[in-house]
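Below is one structure; the comments refer to it alone.
Coordinate-derived values only; no laboratory data. Predicted, not measured: the structure shown is a model, and the values here were computed from it. Here the Cβ positions follow ideal geometry from the backbone for every residue, glycine too, while neighbour counts run over all protein chains shown.
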Amino acid sequence: MSNWYPPPARPKPVEGGIRARSKRGAIAQTWWSERFIDVLESIGVGGRLERGRHYARRGQVIDLDIDAGTVTARVQGSRARPYRVRIGLAAFDKTAWTKVSELLADSAWYSAKLLAGEMPDDIEDVFGSVGLSLFPDRADQLSMDCTCPDWEVPCKHLAAVFYLLAESFDGDPFGILAWRGRDRDDLLETLSALRSGHLPADRQEQSDAAIPLADCLDTFFTCPGAIPRHNPARAASDALLDQLPTIDVTVRGQSVVEVLRPLYVTLAGSR
C-alpha cells in the first residue's frame, strides 16, 4: 500500500488582503494585545495561532469587522470561495456598561488615558469591581465558526483572524471594548458627558412621557426615601484665623492673628 499523500493545497492569492504588520517574532506590541494573547494561551487557543500566522502574513484575510459580541471575517483558502469566519464573545448589556462608564468617569486618570486613545493599565480592575471580565477567561466564552471543512478548532483560518485581531488591538485598544459592546465614540461621548454632568437624554434611564399629576396625587408629596442626616465635623474655634491672608500688623512685636487667637478660643468655650 502506498503511503503517498497529495501535497497540501496552496491558498489562492488575494489582492488587497489584510497583511500582518509583524514579519517575525511576537505579535503584540502593547500590554493590552499582549494580555489578549496571554488569555488565548491560558484557554488553549493561543498555541494554535502559529497555524494562522502564515495566512495572516500572506494577506489571506480579506476583511475583518469587530462588532458588539461578534468578530467576522472572510479568509481566502485554496477553494474558489472565501471561508466565512465568526468569533463570538458576549457583549455586556446597557446596565453593565452604565456601571463601568460611571467608574471610569469618576477617575480623571482613566478618563484622560481613554480620551488620549490609551488603555489604562488597570482597566481590568474596573470591570472586575462590578463582576465583569474584560477579556475572556474561559474557552467556552468564545464561540468559533468557520465554513472550511477542517475539523480542528481553531482551524488555520480562525487562527489567522485571531492573529490579526490581536495585532489590531495594538493600533486600536478600543477594539476589545467594541467587541464587548461599546464602541469608541459612544464610550468617549458618555465619559465626557458624565464628567461634565450632562448625560445625553438617550442614555438616561427614564421615560419620555411624563406621568399626569392627577394620576400620582396620592404619592406626589410623599418622601421617596429617608433623608440622610449630615453632621458636619466641628471646626476648631480659631480655624477662621488660619484662613486669613498674611496680615503685616503686629501688636507689641506679636502678629495680630496670634493676639486674637486666645480670644477666639475663650469665646468658643463660653457658649
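The figures follow:
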read-out: Whole-Å semi-axes of the ellipsoid equivalent to region 31-195 (Cα gyration tensor, √5λ, descending); value: 31, 15, 14
read-out: Cβ-based charge dipole, region 31-195, positive-most Cα from Gly175, Tyr163, Ala112; value: Tyr163
read-out: Sequence-separation-based contact order of region 92-138, relative, with Cα cut under 8 Å and 6+ spacing, percent; value: 31 percent
read-out: Full-extension gain in nm, Val257 to Leu103, via 0.36 nm per residue minus C-alpha separation; value: 51.0 nm
read-out: Nearby lysines by direct alpha-carbon distance to Lys99 (threshold 19 angstrom, same-chain neighbours under 8 apart not counted); value: Lys113
read-out: Residue-span extension gain [Leu188 to Val249] - 0.36 nm each, minus C-alpha spacing; value: 16.6 nm
read-out: R0 of 30 Å, Cβ-Cβ distance Ser196-Ile62: FRET efficiency to nearest 0.05; value: 0.10
read-out: Whichever lysines have a C-alpha closer than 26 Å to that of Lys23, once near sequence neighbours (fewer than 8 apart) are set aside; value: Lys12, Lys156
read-out: Amide hydrogen neighbours beyond the local backbone of Thr70, cut-off 5 Å, H modeled; value: Leu89
read-out: Label-point gap, in nm, between Asp125 and Arg84 - each point 7 angstrom along Cα→Cβ; value: 4.4 nm
read-out: Karplus 3J(HN,Hα) series, Hz, for region 63-78 with 6.51 cos²θ - 1.76 cosθ + 1.60 (x for Gly, Pro); value: 8, 8, 10, 10, 9, 4, x, 8, 10, 10, 7, 10, 10, 7, x, 7
